[in-house]
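Heads up: the structure comes next, in structure tokens.
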Amino acid sequence: MSTKHGKHKHGQTVRGSQVSNRDHLSHGQSRLPSTSLWADTGAAILEAQPSGAGGVAVSPAVPAPGIVPAPPGASFDLSAVATREDAGLDKDWAEEALRRERARISDFQERLYAERRRSLLLVFQAIDTGGKDGTIRAVLKGVNPQGCTVASFKVPSSEELEHDFLWRYHARAPGRGMIGVFNRSHYEDVLVVRVKGLVPDEVWRSRYRLINDFERLLTESGTTILKFFLHISRDEQKERLEARLADPAKHWKFDPADLVERKSWDSYQTAFADAIGRCSTPAAPWLVVPADRKWFRNYAVAKTVADTLEAMDPRYPEAPQHIADLKVPD
């Protein structure tokens, strides 16, 4: 069974050391009430709120030419999107332009990190061999690792299964100043869970609403979300799987379970289309990327990330007064 998205198995509850109520009370009798610990945090909480927090969020996403944004509140026909679209670009030009876009991303990421008021979350979904790892590597090359986190979500652990399905994703959402990357994401719970029949239909159907609520919470708290679906054809997947089998250096990437999953191609395409249609919102739109041509995929995603960061307009914080007058002692 695939370690990427196999059947969820309930495990034993993960338990740490426990402290009895008696021990807790006796130890804490001399302490101030817990509410008093919040007394000095009000100003910090207000300072951390992004401008416009709590209002109706509209994404500043700026999709590159060739990327197809899914209209909010409408069904989406994934089969109508060409997988080999290249927006009329030349491969050599696009590969050179990718380097420029990476430099822009690095510059804006430094400003975002210094500003420490907002964050950016990049969500990547695709069928097996769709290019999630390669896109992340190509787009974020050169970004300061201190300002970026990548979370890859596989089969839930026993501890994760003891919580609601969104718990593990919320725990990995980027903090202020950070760029966060989800390699697979909370959408697995309306994709593989649906296709494999791991929960009743009414359970996964209710999750569309919960996902939209979750993403609205993030956006209204200052996180811009870019959701990329890397769209490849069935023929392209076959070529990529065969390439992995033909190259011993790529055998580590091959999972025999991918051949089983391939038999469910049509079911996955339907599940992807429904998730895109149900969960493309003004605050967090889905962006469908023609991904058969890796060079176009990489450039289009990088330009979208760079242009969106530019639209976010992160700024360095104001320097303390008179800092330019300070002298470094010998």
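Look through region 75-128, keep the residues that are in a loop (DSSP other than H, G, I, E, B) and touching a Gly at 6+ places or on another chain (Cβ under 6 Å), and return whichever of them is surrounded by the fewest Cβ atoms within 10 Å (Cβ to Cβ).
If we filter region 75-128 for residues that are in a loop (DSSP other than H, G, I, E, B), which is where we start, we get 75-77, 81-90, 116-118, 127-128.
The next check asks that each one be touching a Gly at 6+ places or on another chain (Cβ under 6 Å); those that pass are 75-76, 85, 87, 116, 118.
Details: Ser75: 11, Phe76: 22, Glu85: 21, Ala87: 13, Arg116: 15, Arg118: 20.
For region 75-128, the residue satisfying everything is Ser75.
Report yes if Glu110 is among the acidic types (Asp, Glu) and touching a helix residue (DSSP H, G or I) at 6+ places or on another chain (Cβ under 8 Å), otherwise no.
Yes: the conditions hold for Glu110.
Does region 148-155 contain any residue that is in a loop (DSSP other than H, G, I, E, B) and of a type in the set (Phe, Trp, Tyr)?
Scanning region 148-155, I find at least one residue that is in a loop (DSSP other than H, G, I, E, B) and of a type in the set (Phe, Trp, Tyr), so the answer is yes.
Restricting attention to region 167-217, and to residues there that are acidic (Asp, Glu) and closer than 15 Å to Lys154 by Cβ, which single residue is surrounded by the most Cβ atoms within 10 Å (Cβ to Cβ)? So that I can check it myself, show each step before the final result.
Step one: filter region 167-217 for residues acidic (Asp, Glu), giving 188-189, 201-202, 213, 215.
Of the ones still in play, those that are also closer than 15 Å to Lys154 by Cβ are 188-189.
On the way: Glu188: 21, Asp189: 23.
Checked region 167-217; the qualifying residue surrounded by the most Cβ atoms within 10 Å (Cβ to Cβ) is Asp189.
Among the listed residues Arg194, Arg297, identify the single one that is over 27 Å from Val139 (Cα atoms), in a helix (DSSP H, G or I) and under 21 Å from the mean Cα position of the chain (by Cα).
Arg194
Within the set of pairs 6+ apart or on separate chains, which have a first residue in region 266-279 that is surrounded by fewer than 17 Cβ atoms within 10 Å (Cβ to Cβ), a second that is part of a helix (DSSP H, G or I) and modelled with pLDDT of 95 or more, and C-beta atoms under 7 Å apart?
Ser267/Val195; Gln269/Leu78
Looking only at residues in region 131-147 that are assigned to a helix (DSSP H, G or I) and touching a residue at least 40 places away in the same chain (Cβ under 8 Å), which one is surrounded by the most Cβ atoms within 10 Å (Cβ to Cβ)? Even if it seems obvious, please write down each step before you answer.
If we filter region 131-147 for residues that are assigned to a helix (DSSP H, G or I), which is where we start, we get 132-139, 145-147.
Of the ones still in play, those that are also touching a residue at least 40 places away in the same chain (Cβ under 8 Å) are 132-136, 138-139.
Values: Lys132: 21, Asp133: 15, Gly134: 15, Thr135: 25, Ile136: 21, Ala138: 19, Val139: 27.
Among those that are assigned to a helix (DSSP H, G or I) and touching a residue at least 40 places away in the same chain (Cβ under 8 Å), it is Val139.
Against the definition (of a type outside the set (Lys, Arg), at pLDDT 95 or above and part of a helix (DSSP H, G or I)), how does Asp258 come out, yes or no?
When the stated conditions are applied, Asp258 does not pass them.
Does Pro69 satisfy being buried (at least 20 other Cβ atoms within 10 Å of the Cβ) and touching a residue at least 60 places away in the same chain (Cβ under 8 Å)?
Judged against the criteria, Pro69 is not a match.
Of (1) modelled with pLDDT of 95 or more; (2) in contact with a helix residue (DSSP H, G or I) (Cβ under 9 Å, 6 or more places away or on another chain), Glu115 satisfies all except one. Which?
All conditions pass for Glu115, except number (2).
The values are calculated or read from the model by the stated rules, or taken from the named source; none is laboratory data. Computed from a prediction, not measured in an experiment: that's the story for all the values here. Here the Cβ is made from the backbone with ideal geometry for all residues, glycine too, and neighbour counts use every protein chain on show.
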